[in-house]
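J.: The structure's right below; bear with me while I get my questions together.
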Amino acid sequence: MSKSHRIPSYLSPSRWALEPEESTFAPSSRWSNKDMDPVPPAKRTWTTLNYVAYWISDATNAAVWELASSMLAIGLSWRQALPAIAVGHIIIATVMVLNGTIGARLHIAFPVLNRSSFGFWFSYFSVISRVALSMFWFGIQTYTGSECVYQMLKAIWPSIARLPNHLSPGANITTAGMMCYFLYWLIQFPFMLISPQRIRWLFLAKAVIVPPTWLARLIWAFVKVPSSKGLFEQHSTLSGSALSWAWLSALNAALGIYSTLAVNIPDFTRYAKDERAQYVQLIIIPVAFTLCGFIGMAVTSAGIVLYGQVLWDPLRLIDQWDNRAAAFFASFVFVLTTLGTNISANSLSAANDMTVLFPRYINIRRGQVICAILGGWALCPWEILASAQGFLSFMNGYTVFLGPFAGIMVTDYWLIHRGKVDVPSMYRPHGRYRYTYGFNWRAVVAILLSVPPTIPGLINSINPKIKVGGAVHLFDVAWLFGVSFLLYNTNFGSDRSEPHLIAQFFVASFVYFLTSRLWPALETFVDEVIVDDDASSTADREGSDKAASLEKNYVREDVVEVKP
């Protein structure tokens with residue numbers, strides 16, 4: 001074959017293969033790499049202060065502002081919206097710590113840990129879902145950052161507002177907006193090459209710089225519009241069942257804004273110095289997000305009085321300001337906070353997941369680059385953020401799969417295996433977590449019983465012309481339904497449509513717990529947590545004999561335990 005017909009060396013797969021690590025538990029480099037392996041002690045650098053800084057910086061993100069103020073846009077009052085934010089983040093914080101403790105104890109990432117509950121091959125379903133969702137959110141945050149860049153440029157050169165638009169009116173973005181989107185994408189790209197150990201310093205800087213600017217906006221709102229005319233005079237425009245479902249939808253949106261991180265928080269807690277370092281999340285998450293939600297609603301209420309419209313997007317509010325210096329610095333702060341959140345919560349999460357899909361060729365750094373290219377341009381985030389209702393619909397749809405994922409992981413580790421897992425076996429396709437052909441059918445059943453009921457509502461939210469009847473309300477509480485067993489005493493379609501919803505049990509968690517206790521996978525049980533390779537190999541060899549000898553008594557004991 002002539003040289004002109006030869007494949008360039010840089011296109012050869014072997015050219016891009018990563019160097020395998022000797023420390024891996026996997027049988028070959030096909031199944032693991034350095035970024036997938038348990039974090040060594042020298043790289044466990046995150047302290048309590050780092051987790052406090054992380055969540056303070058994330059709570060002051062533009063998306064949190066949009067979440068709170070969009071609740072006003074759909075007709076809720078601040079007295080109704082604030083409890084939805086608080087309750088939602090208390091729930092999320094609880095799940096965050098339960099899953100985060102697993103990562104802090106075992107020092108392994110979510111996509112590896114997930115194999116112990118889903119099965120080696122079925123875990124890829126949750127991993128691929130997480131990759132797609134992270135890329136969606138990456139695009140959303142990149143668009144928000146581009147709005148910040150636009151306001152910064154407009155403050156310097158006001159003529160940018162008169163830049164001719166060559167895009168169609170229905171595109172929901174202008175030529176200037178697309179230019180700013182590209183500029184922000186270029187700004188954040190170098191930061192995606194920073195390691196997870198060092199990115200924590202960016203969170204600390206955000207936690208120091210950003211909160212004072214939010215406080216300044218709150219003071220501005222109360223100075224410009226007295227409380228007697230602004231926030232405290234604002235009332236709900238909804239009543240009856242419409243108010244109830246709007247509140248539940250707002251609660252679900254509050255759950256959805258960081259429900260992805262509740263699933264893959266082990267990606268970050270695995271860097272903790274010890275498991276106690278991340279316990280602070282239980283307090284800092286609901287406090288920080290509720291306070292920031294209040295600020296967002298207060299400033300939005302002031303905007304209603306000053307400008308006669310619900311400016312639920314903070315960048316649109318800044319666009320109304322005449323003070324160019326204030327507009328520049330306010331926009332710069334949002335650039336900073338959006339930058340850190342997008343890298344940590346989205347690109348790093350997607351990158352961790354992609355290392356499991358192709359560990360021989362993708363590490364965390366390469367995964368972030370792929371996320372930047374696909375997540376940054378394959379989506380149209382300006383379409384999603386075109387309206388407040390669209391934003392909430394997107395957040396609701398975001399939660400359809402995540403509730404069941406979190407419920408199954410928490411139940412498996414804490415209630416079924418009670419913290420006694422085999423870490424080396426999570427890296428082996430034929431290890432103890434293979435279950436049945438790589439699928440844990442118990443997790444499959446839990447997903448099938450918790451996700452499909454919310455799909456009609458998701459379809460209706462995307463296309464309201466498709467009528468699905470009362471099933472639309474299950475989508476309004478998608479995350480709650482995903483982890484909750486809902487009992488309805490509702491007569492949809494009649495004159496009396498007041499819903500009576502009682503969240504009694506977690507659907508995915510309950511189903512998984514019940515099936516795992518009635519039909520236990522005994523080969524996955526160990527007497528103590530295993531982190532040593534030799535201990536794991538011995539336990540694997542003895543697993544089948546132990547399962548056979550214990551099966552009769554174990555099943556009898558479990559049947560007694562699960563009876564009412």
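Matching residues to (1) of a type in the set (Val, Ile, Thr); (2) open to solvent by less than 70 Å² (accessible area, probe 1.4 Å); (3) touching a residue at least 40 places away in the same chain (Cβ under 8 Å):
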site	(1), (2), (3)
Gly170	no, yes, no
Ile173	yes, yes, yes
Gly177	no, yes, yes
Tyr184	no, yes, yes
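J.: Which of the following residues is of a type in the set (Val, Ile, Thr), farther than 30 Å from Gly240 by Cβ and out of contact with any helix residue (DSSP H, G or I) (no Cβ under 8 Å at 6 or more places or on another chain): Thr174, Thr142, Thr94?
T.: Matching residue, one of Thr174, Thr142, Thr94: Thr174.
J.: Consider region 244-292. How many of its residues are among the aromatic types (Phe, Trp, Tyr) and open to solvent by 30 Å² or more (accessible area, probe 1.4 Å)?
T.: Matching residues across region 244-292 total 2.
Yes or no, residue by residue, for (1) open to solvent by less than 20 Å² (accessible area, probe 1.4 Å); (2) closer than 30 Å to Gly308 by Cα:
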{"site": "Ile74", "(1), (2)": "no, yes"}
{"site": "Trp78", "(1), (2)": "no, yes"}
{"site": "Leu98", "(1), (2)": "no, no"}
{"site": "Ala109", "(1), (2)": "yes, no"}
{"site": "Val112", "(1), (2)": "yes, no"}
{"site": "Phe125", "(1), (2)": "no, no"}
{"site": "Arg130", "(1), (2)": "yes, no"}
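J.: Okay, next question. Restricting to region 323-337, name every residue that is within 21 Å of Leu204 (Cβ to Cβ) and surrounded by fewer than 24 Cβ atoms within 10 Å (Cβ to Cβ).
T.: Those that are within 21 Å of Leu204 (Cβ to Cβ) and surrounded by fewer than 24 Cβ atoms within 10 Å (Cβ to Cβ): Phe329, Phe332, Val333, Val335, Leu336.
J.: Shifting gears a bit: Can you spot a residue in region 312-322 that is among the aromatic types (Phe, Trp, Tyr), out of contact with any Cys (no Cβ under 9 Å at 6 or more places or on another chain), open to solvent by 10 Å² or more (accessible area, probe 1.4 Å) and at pLDDT below 85?
T.: Yes, region 312-322 contains a residue that is among the aromatic types (Phe, Trp, Tyr), out of contact with any Cys (no Cβ under 9 Å at 6 or more places or on another chain), open to solvent by 10 Å² or more (accessible area, probe 1.4 Å) and at pLDDT below 85.
J.: For region 40-49: of the residues being touching a Phe, Trp or Tyr at 6+ places or on another chain (Cβ under 9 Å) and surrounded by fewer than 22 Cβ atoms within 10 Å (Cβ to Cβ), which is modelled with the highest pLDDT?
T.: Thr48
J.: Where in region 345-455 are there helices (runs of 4 or more DSSP H), lying wholly inside it, with at least 1 residues that are modelled with pLDDT under 80 and within 23 Å of Phe182 (Cβ to Cβ)?
T.: Fully inside region 345-455 and qualifying: 381-384, 388-398.
J.: Consider Asp35 carefully, then state whether it is of a type in the set (Asp, Glu), within 17 Å of Ile108 (Cα to Cα) and at pLDDT below 90.
T.: yes
J.: Within the bounds of region 61-71, is there any residue that is in contact with a strand residue (DSSP E or B) (Cβ under 7 Å, 6 or more places away or on another chain) and surrounded by 20 or more Cβ atoms within 10 Å (Cβ to Cβ)?
T.: No, the conditions are met nowhere in region 61-71.
J.: Also: Within the set of pairs 6+ apart or on separate chains, which have a first residue in region 416-433 that is closer than 19 Å to Ser28 by Cβ, a second that is acidic (Asp, Glu) and open to solvent by 10 Å² or more (accessible area, probe 1.4 Å), and C-beta atoms under 6 Å apart?
T.: Listed by first residue and then by second, the contacts come to Pro424/Asp533; Arg432/Glu523; Arg432/Asp540.
J.: Failed condition for Ser116, given (1) touching a strand residue (DSSP E or B) at 6+ places or on another chain (Cβ under 9 Å); (2) open to solvent by 10 Å² or more (accessible area, probe 1.4 Å), with all others met?
T.: (2)
J.: In contact with a helix residue (DSSP H, G or I) (Cβ under 7 Å, 6 or more places away or on another chain) and among the aliphatic types (A, V, I, L, M): does that describe Leu291?
T.: Criteria not met by Leu291.
J.: Can you pull out the residues in region 139-168 that are out of contact with any Leu (no Cβ under 6 Å at 6 or more places or on another chain), open to solvent by 10 Å² or more (accessible area, probe 1.4 Å) and without any contact (Cβ under 8 Å) to a residue 60 or more places away in the chain?
T.: Leu153, Trp157, Ser159, Ala161, Arg162, Leu163, Pro164, Asn165, His166, Leu167, Ser168
The values are calculated or read from the model by the stated rules, or taken from the named source; none is laboratory data. Note that the structure is a prediction, hence the values are computed from the model and not measured. Quick reminder, even Gly has a Cβ in these numbers, built from the backbone with ideal geometry, and neighbours come from all protein chains shown. These area figures cover heavy atoms from the full protein model, side chains too; ligands, DNA and RNA do not enter into them. Shrake-Rupley method; radii C 1.70, N 1.55, O 1.52, S 1.80 Å.
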